[in-house]
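Written out below as structure tokens is the structure these notes cover.
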Amino acid sequence: PIRQQMELLFSIKTGSFPLYVPGFASGHSSAALTLGQIFHPISYIASILPGYWSGRLIDANNLLKLLSLGLTHLMLFAFLRRLKLNVLFSFIISLVTVYNLRILDLYRYGSALEAYTEQFFLFMAIAWYWMNPKKVFPGLCIIGATYILVCSGHPQMMYYGLLGAGLFMIIIPFFISDVLQDRKIDN
């Protein structure tokens, strides 16, 4: 995905758009370059990091991948603590959920890993919304998380993430009302 990302960002930076990329997958059209994440903010953040254009792009992308995994772990941990689980149990559950064998496979492909972490961002935004339905910020987080999931660059993982978010949205009100008995949640 790094080569595709660089192809797309170089084209945008020089004022063009690649209609045909000869070196990618035997010369497929730029529609095959969805892995480059042209509408995703992480591509542009990576391109402004020092060394991206001068040979250190793998380091920049690895830094952003690790930061996104760490932020996902932190958000899941905060959600579990909000459900009044103890610290150790919350840490272990969030650790096993975020860092598993599937992550090792997805780490090779930046866009698949981004879709995986953004799926959890969307789950947590939905959960925070059901915990505070009268607040505007969780609703905006749902919109933002859905946007970055949709433009993650990996269509299959995006579909799985949206399907999981739909199921999560159906289940989470019942789960929160059972776990947090002091809150009134309209199912």
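The values are calculated or read from the model by the stated rules, or taken from the named source; none is laboratory data. Everything numeric here is computed off the predicted structure, so don't read it as measured data. Using ideal geometry, Cβ is built from the backbone for each residue, glycine included, and neighbour counts are taken over all protein chains shown. When the accessible area is computed, the model is the full protein with side chains, heavy atoms only, and any ligands, DNA or RNA have been set aside. Shrake-Rupley method; radii C 1.70, N 1.55, O 1.52, S 1.80 Å.
Beta carbons closer than 8 Å, at least 6 apart along the sequence or on distinct chains, pair a first residue in the range 152-164 that is on the phi > 0 side of the Ramachandran plot with a second that is surrounded by fewer than 21 Cβ atoms within 10 Å (Cβ to Cβ) and of a type in the set (S, T, N, Q) for 153/34. For residue 117, the conditions (1) open to solvent by less than 20 Å² (accessible area, probe 1.4 Å); (2) farther than 23 Å from residue 64 by Cβ are fulfilled apart from (2). Candidates are the residues of the range 70-105 that are touching a residue at least 40 places away in the same chain (Cβ under 8 Å) and touching a helix residue (DSSP H, G or I) at 6+ places or on another chain (Cβ under 6 Å); the one that is most open to solvent (accessible area, probe 1.4 Å) is 75. Which one of these does residue 108 not meet: (1) in contact (Cβ under 8 Å) with a residue 40 or more places away in the chain; (2) under 21 Å from residue 7 (Cβ atoms)? The failed condition is (1). Considering (1) within 16 Å of the chain's Cα centre (by Cα); (2) open to solvent by 10 Å² or more (accessible area, probe 1.4 Å); (3) among the aliphatic types (A, V, I, L, M); (4) over 20 Å from residue 41 (Cα atoms), the lone condition that residue 148 does not fulfil carries the number (4). Restricted to the range 49-61, and to residues there that are part of a helix (DSSP H, G or I) and open to solvent by 50 Å² or more (accessible area, probe 1.4 Å), the residue that is farthest from residue 88 (Cα to Cα) is 58. What number of residues within the range 122-140 satisfy the criterion of being loosely packed, with under 12 Cβ neighbours inside 10 Å and assigned to a helix (DSSP H, G or I)? Residues in the range 122-140 being loosely packed, with under 12 Cβ neighbours inside 10 Å and assigned to a helix (DSSP H, G or I): 1 in total.
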